[in-house]
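These notes concern the structure reproduced below.
Read-outs throughout are calculated quantities, based only on the coordinates presented, and are distinct from any laboratory measurement. Computed from a prediction, not measured in an experiment: that's the story for all the values here. We place every Cβ from the backbone using ideal geometry, glycine too, and count neighbours over all the protein chains shown.
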Amino acid sequence: MNKEDKLILNGHEFTSRFILGSGKYSLELIKAAVENAGAEIITLALRRAAGGDVANILDYIPKGVTLLPNTSGARNADEAVRIARLARETGCGDFIKIEAIRDTKYLLPDNYETLKATEILAKEGFVVMPYMYPDLNFARDLQNAGAACIMPLGSPIGSNKGLCTKEFIKILIDEIDLPIIVDAGIGRPSQACEAMEMGAAAVMANTAIATAGDVPKMAQAFKKAIEAGRESYLAGFGDVVEKGARASSPLTGFLHD
């Protein structure tokens, strides 16, 4: 891994491009997952903290890891803003992942409410990381509103279906001058690698690791896949031969008539 290749969010630098969600872990597995993933950012649902688990969760997160509270459970901008302010007041810092979801079946984000929350919180000095359905116009609006990155879903939350929105994410990568972090639905390390090969700045995963047979091993597999995808993107891909084939070694004279 290239230590000079940094993920930068509002001036904050990170070497790891793996953001780890913690919502579905037992407390006993959080530390192992974080350490094996090499993650420097981990999400924290304030709903879980409000239930009395916050002290225990923090006990299992290694020092130096940046907390990313999310507004899970918020149905609109007003609720998301209240949760974000509460997270700051409880000492969780200025990072906030905006989730505004009123769809209870597919759990798709409400882009309009997400934009409203982003506008308010960015003005208050938060490092706003909005989770959104990949739409170029809303991504542009989020950038103008002061978002630190754009976090489009790969597929519905918790589905492990992978990059169902791949073509739309590509558009965001090409057109938006902010880090594009693929969030939700990544189910396998190979899918995380593919997202990074496309040019995504980072990948967030939760369910794929939390529901794996061996959580620490799967966390490590994701770490390696994300690093490999990033390295291959930076290296640049070879030309694709659409028709026929191309010899990998030059043909020597004795093979010709």
Spelling out what I want: for every residue of the stretch 160-173, take phi, set θ = phi - 60°, compute 6.51 cos²θ - 1.76 cosθ + 1.60 (Karplus), and round to whole Hz; glycine and proline get x. 6, 7, x, 8, 5, 9, 3, 5, 6, 5, 4, 4, 5, 4
If you stretched the chain out fully between Asp177 and Glu231, how much longer would it get, using 0.36 nm times the residue separation minus the C-alpha to C-alpha distance? 17.4 nm
For the residue pair Cys164 and Glu124, what label-to-label distance in nm results when each label sits 7 Å from Cα along the Cα-to-beta-carbon direction? 3.2
If amide hydrogens are placed 1.01 Å from N in the peptide plane, which non-local residues have theirs closer than 5 Å to the one on Ala74? Ile101
If amide H atoms are modeled at 1.01 Å from N in the peptide plane, then the residues at a separation of 5 or more from Thr66, or on another chain, having amide H under 5 Å from its own are Ile41, Ile42
Where the only charges are on Cβ atoms (+1 Lys, Arg; -1 Asp, Glu), what is the dipole of the stretch 9-235 about its Cα centre, to the nearest 20 debye? 480
Which angle between 0 and 90 degrees, to the nearest 10, do you get for helix 189-198 versus the longest principal axis of the chain when only C-alpha atoms count? 80
Can you find, among Thr114, Thr104, Thr165, the residue farthest towards the positive end of the dipole of the stretch 9-235? Put +1 on the C-beta of Lys and Arg, -1 on that of Asp and Glu. Thr104
Karplus couplings for the stretch 141-156 from phi (6.51 cos²θ - 1.76 cosθ + 1.60, θ = phi - 60°), rounded to Hz, Gly and Pro as x? 5, 5, 4, 5, 7, x, 4, 7, 6, 10, 10, x, 7, x, 6, x
Which of (1) 18.7, 61; (2) 18.1, 56; (3) 19.7, 81 gives Rg and Dmax of the Cα atoms in Å as computed here? It is (3)
Rounded to the nearest 10, the angle in degrees between the Cα long axis of helix 27-37 and the longest principal axis of the Cα atoms of the chain comes to 40
I'm a student and want to see the number: the projected area of the Cα convex hull of the stretch 112-201, averaged over all directions, in nm². 5.3
With an 8 Å cut-off on Cα pairs and a minimum separation of 6 or more residues, tell me the relative contact order of the chain in percent. 17
Greater than 27 Å separation of Cα atoms is the criterion. Which listed pairs, Lys123/Lys166; Lys105/Lys217; Lys123/Lys223; Lys63/Lys97; Lys123/Lys224; Lys63/Lys217, meet it? Lys123/Lys166; Lys105/Lys217; Lys123/Lys223; Lys123/Lys224
Estimated vicinal HN-Hα couplings, Hz - the stretch 220-237 in sequence order (Karplus 6.51, -1.76, 1.60; Gly, Pro = x): 5, 5, 5, 4, 5, 5, 5, 5, 5, x, 5, 4, 5, 4, 5, 5, x, 8
Non-local amide H neighbours of Met132 (under 5 Å, H modeled in plane, Pro and chain starts lacking H): which ones? Met151, Leu153
222 nm mean residue ellipticity, helices alone, for the chain (DSSP H n ≥ 4; -39,500 (n - 2.57); rounded to 500): -11500 deg cm²/dmol
